[in-house]
Amino acid sequence: MSQTTFSFEIFPPNKESAAEKLTETLDELVGLSPDFISVTCTNKNDDLARLTVKLAGYVKNRLNVPSIAHLPAAYLDKQQVSEILNELETLGVTNLLALRGDRLKGRKPRDDFRHASDLIEYVHENFPDFHISAACYPEIHPESNSRVDDIKHLKYKTDQGVDSLITQMFFDNESFYRFRECCELADINTPIVAGIMPIVKRKQALRILKTSSATLPKKFTAILNKYQDDPESLKAAGLAYAIDQIVDLVTQGVAGIHLYTMNDAETAKYIWQATRSLFENGRKVHQV
């Protein structure tokens, strides 16, 4: 990736009405000429892998935008993974975000892919045409004991055949810069794409705090407190905060910005319009 990329994450719909809405959202996102669109998948629903494959194929073949299919493999065996990868190859989708995925209460993981590194190694050796992305955590993986431990495991993971890294959402750029410096010291030279989540609702922020390892800095907490009873002002401040993050990251030479859209085209368009000049100067679209 020679220029800073700009991309989106979407998630498969769980209802027919949501599917129609997502089609409209994608039409609007494609108009922004993203470098790629990633399609999420979780371990919580066995049908999601099928939906992710289908949607990734739609983005690639109907919308002519490179797509990345998320693949969490903790509850899959090698045969199931091979079937998914063969189907993706048939669709021309050869970009993969290789994940272990969340461990589910009351459900025992399979033995084939206990860690994302197991999946990365398997794909790298058996499906060499795939471009493999992996997840990373600027604020340390929630299961790691320390930053040193986290970087050690990330180094091992990238050495199995990772082509690029995409971060979990973060709200403090200094955390990202410290993480990037640690990666450089550990000789992790893989491009790191920054995952940015615009916070436009207080409930959204509280949910993130409960379900992810990301933390909200004092600067953003002050925004939530000041505008908790003023949704319009909170939305405006949340968008401004995300834009400020992006401007700073691009200025500091980040490899890419990956916007977690929550299937909201309006938010994505607003941010793109505010930052597009940062990406369009010498930008080559569709580089993944």
Q: Kindly indicate whether R107 is within 26 Å of H153 (Cα to Cα), in a loop (DSSP other than H, G, I, E, B) and in contact with a Phe, Trp or Tyr (Cβ under 9 Å, 6 or more places away or on another chain).
A: yes
Q) Can you tell me which of I246, I208, I199 is touching a strand residue (DSSP E or B) at 6+ places or on another chain (Cβ under 6 Å), touching a residue at least 24 places away in the same chain (Cβ under 8 Å), of a type in the set (A, V, I, L, M, F, W, C) and within 24 Å of T40 (Cβ to Cβ)? A) I246
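Among residues belonging to region 242-258 that are assigned to a helix (DSSP H, G or I) and either modelled with pLDDT under 95 or hydrophobic (A, V, I, L, M, F, W, C) (or both), point out the one that is most open to solvent (accessible area, probe 1.4 Å). Don't jump to the end; show me each part of the working.
From region 242-258, those assigned to a helix (DSSP H, G or I) are 242-251; that's our starting set.
Imposing the further condition that a residue be either modelled with pLDDT under 95 or hydrophobic (A, V, I, L, M, F, W, C) (or both) reduces the set to 242-243, 246-247, 249-250.
On the way: A242: 2, I243: 28, I246: 0, V247: 58, L249: 1, V250: 25 Å².
Per the criteria, the residue is V247.
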Q.
Under 8 Å between Cβ atoms, which residue pairs at least 6 apart in sequence (or on different chains) link something in region 121-136 that is closer than 12 Å to L97 by Cα with a partner that is aromatic (F, W, Y) and modelled with pLDDT of 95 or more?
A. V123/F130; C136/F179
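Listed here are the residues, each with its yes/no results for (1) open to solvent by 50 Å² or more (accessible area, probe 1.4 Å); (2) of a type in the set (D, E, K, R); (3) modelled with pLDDT under 95.
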residue: E9; (1), (2), (3): no, yes, no
residue: P12; (1), (2), (3): no, no, yes
residue: A18; (1), (2), (3): no, no, yes
residue: P34; (1), (2), (3): no, no, no
residue: T42; (1), (2), (3): yes, no, yes
residue: L48; (1), (2), (3): no, no, yes
residue: N64; (1), (2), (3): yes, no, no
residue: Q79; (1), (2), (3): yes, no, no
residue: L91; (1), (2), (3): yes, no, no
Q) If we scan region 272-284, do we find a residue that is touching a Ser or Thr at 6+ places or on another chain (Cβ under 7 Å), under 24 Å from L26 (Cα atoms) and either assigned to a loop (DSSP other than H, G, I, E, B) or of a type in the set (V, I, T) (or both)? A) no
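Can you go through E143, E125 and tell me which one is acidic (D, E), surrounded by fewer than 13 Cβ atoms within 10 Å (Cβ to Cβ) and at pLDDT below 95? Give the derivation first.
Values: E125 fails: at pLDDT below 95.
The match here is E143.
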Q | Conditions (1) out of contact with any strand residue (DSSP E or B) (no Cβ under 8 Å at 6 or more places or on another chain); (2) over 18 Å from L51 (Cα atoms); (3) crowded, with 16+ Cβ neighbours inside 10 Å; number of the one not met by I132 | A | (1)
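The values are calculated or read from the model by the stated rules, or taken from the named source; none is laboratory data. What you see is a predicted model, and the numbers here were worked out from it, not measured in a lab. When we count neighbours, we look across all protein chains shown, and the Cβ atoms used for this are built from the backbone with ideal geometry, even at glycine. The accessibility values were calculated without ligands, DNA or RNA, using every heavy atom of the protein model including side chains. Shrake-Rupley method; radii C 1.70, N 1.55, O 1.52, S 1.80 Å.
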